[in-house]
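What follows draws every value from the coordinates through simple rules; no lab data is involved. Bear in mind the structure is a predicted one, so any value in this text is a computation, not a measurement. Because the Cβ atoms are built from the backbone with ideal geometry, glycine has one as well, and the counts that use them run over all protein chains shown.
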Amino acid sequence: MRVRNARQILLFCAAVAILGQTLDAHFVEELDESFKDNRKNSIWLVDFYAPWCAHCRRLEPVWNEVGLEMRKLQSPVKVGKMDATSYTSIASEFGVRGYPTIKLLKNDLAYNYRGPRTKDDIIEFAHRVSGALIRPLPSQQMFEHVKKRHRVLFLYVGGESPLKEKYIEVASELIVYTYFFSASEEVIPEYVTLNEMPAVLVFKDETYFVYDEYEDGDLKSWVNRERFQSYLTVDGFTLYELTDTGKLIIIAVIDGKNATIEHTRMKEFVQEVAKDYRNRFHRRDFQFGHIDGTDYVNNMLMEELNVPTVVIINTSNHQYYLPTRHIETLEDVMQFINDILDGTIEGRGGDGILQRLKRIFYDIRTTVVSVFRSSPFLGCFLFGLPLGVISIMCYGIYTADTDVAYTEERIEVSKTEIETRDENNEEEKKEENNENSLVLSDAEQEPKDIMEKKND
Ligand SMILES: *[C@@H]1O[C@H](CO)[C@@H](O)[C@H](O)[C@H]1NC(C)=O
Ligand SMILES: *[C@@H]1O[C@H](CO)[C@@H](O)[C@H](O)[C@H]1NC(C)=O
C-alpha cells in the first residue's frame, strides 16, 4: 500500500516537474558556472534554489512573472536562477545558506532579499537596490511627491561633508530596507527647523526627526531604529526584523478573521497607547503594532497564546511579558506596560542556555509535526527511514560487534542528513538576519538564533 503510494507520488512529481519546465517563462535565465565571469557587467537578480525544496517550487511561477515584468519594464536588471545544489561553489561564494535565497548582485555587492515572496515586493526591491543609492530631490514639488509615496523617508540636507559620506555608506547597506534621498536646504518645507547643517532627517508619523550624533549614536543604528513607523501592521518578516532594534515591542496579537469586538478593540488600545507614548516617553525605545494570527509569535516565544492578547518583547535581552490578567480596557494596557517598566512583572525567555536548548527542542518538534502534517509520506521518509536505518544498525551492533566503527560513521551520516534537511525545510529567510553579505558577522548572528522564526 505504502509502496504503491510512493510510486504514484514519484510519478506525479516527475510529471509536474516536466510540465513546469515546458511552461517555463523565457525571461529567466538558468545560470551555470559561466555566471561567475559573465555577471560582471550587469546587475542580476538571482534565485538560488534547490530542486527538491518546496518553497523554491512555490516561488518558481512568481519568479517567472518577475522575469517577464522586468523585461516589460525594460529594467537593466537581469533575472536568473541557479540550482545551488549543482553549483555549490558559486552558491557558497555568494553566501547562499538556505533555499530559496534571492539576491541582487551589483558590482561586488550581494544584497539579500528578505521580504514577502510576491511579484510586486520583489520587483520593488530590485528597483530600489539597483537604482541610485542616494536619490536627489531637486524641487519642493518633488519632495512632496516622494513624501506622499513613502511612509518613512530619510533625507540628507546639505552639500558635500563627512556626514554625507557616512550617509552614503549607511545607504549602501540599508538600501535593502528603505530609500535614501538628498536635497538642498531650499527644498525642505518651512515647518522644518534645522539648527545645524548638514543634517539627516527622517519624515514619518506625520512629523519629522533630526539625527543628532551625540544623542543618537552612530548613523547606521539610528537609521535602523527609525526605519519603522511608530505603529505597524506586523507580519512575520517585520517581526523578525524588529528583534534587531533593541526596542520594547508592544504588540496586539489578534485573529483578523474573528469579527468579535474584543479583537478589534485590542488593536485599538495599542494604537491609542502608541499615540500617547509618542509625546510622553522616549518614543525611540518603543515600537507598537498588531499582528494577525499567532503562528509567528507562538514560534518566536515558544508559547501557545490565547488571542486576543498583548505581548511585550524586550528586544535587548529577548525577554517577553504576557499580561497577568485579562485586558479589558485601555488602562489595563497602560498598567501592563508600566508594570514592566517598574520591573513588577517577571520576564520570560531570554538569552540563557536553557532558552537555547528549549529553542532547539521546540524547533525539532515543530519541524517534525509540520512535515508530518503537510505530508505524512515525506515525514515517514525523512524521519522514519533514518530511524529505521539506525535501528537496524543498533541491531547490528548487538548481533555482531565487529564493525562498530563503520556503524558509527553511518549513524553520523544519517544524522547530518537529517539536520541539513531540517534546516533547508525551514526556509531560512529569517535566519540570516543580517544577510546583507557585506555586513555579515557571526557575532551579530548569535543572539538572533533565539528569536528566530520558522515558516514551516
Ligand atoms: C473569536 O474570539 C473569541 C474570544 O475573543 C472566542 O471566544 C471565539 O471563539 C472566537 N471565534 C472564532 C470563530 O474563532
Ligand atoms: C530590556 O533589556 C535591557 C537589557 O537587559 C535592560 O537594560 C532594560 O531595562 C530592559 N527593559 C525593560 C523595560 O525591562
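Quick look at the values:
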read-out	value
Estimated distance in nm for a label pair at Lys257 and Val210, the labels positioned 7 Å out from Cα along Cα-to-Cβ	5.0 nm
Segment 229-349: C-alpha gyration tensor shape, a/c 1.5 cut-off, then a/b vs b/c	rounded
Whole-number percent relative contact order across segment 240-377, with pairs defined as alpha carbons under 8 Å at least 6 apart	27 percent
For Phe286, residues with placed amide H under 5 Å, excluding near neighbours	Leu248
Cα gyration tensor, segment 126-210 - rounded (a/c under 1.5), prolate or oblate	oblate
Long-range HN-HN contacts of Val79 with modeled amide H, under 5 Å	Glu29, Leu45
Förster radius 25 Å - calculated FRET efficiency between Thr324 and Leu354, Cβ distance, rounded to 0.05	0.65
Rough spin-label spacing in nm, given labels placed 7 Å along Cα→Cβ, for Arg365 and Gln140	6.1 nm
Relative contact order [Cα under 8 Å, 6+ residues apart], segment 197-275, whole percent	19 percent
For segment 250-261, Karplus couplings with θ = phi - 60° (6.51, -1.76, 1.60), whole Hz, Gly/Pro x	10, 10, 7, 9, 10, 10, x, 7, 7, 7, 5, 4
Most to least packed among 303-310, 314-321 [average Cβ atoms within 10 Å]	314-321, 303-310
Karplus (6.51, -1.76, 1.60) ³J(HN,Hα), θ = phi - 60°, over segment 164-173, in Hz, Gly and Pro reported as x	5, 4, 4, 4, 5, 4, 5, 4, 5, 8
Calculated from backbone phi, Karplus (6.51, -1.76, 1.60) coupling profile of segment 74-85 in Hz, x at Gly/Pro	6, 5, x, 7, 8, 10, x, 9, 9, 6, 5, 7
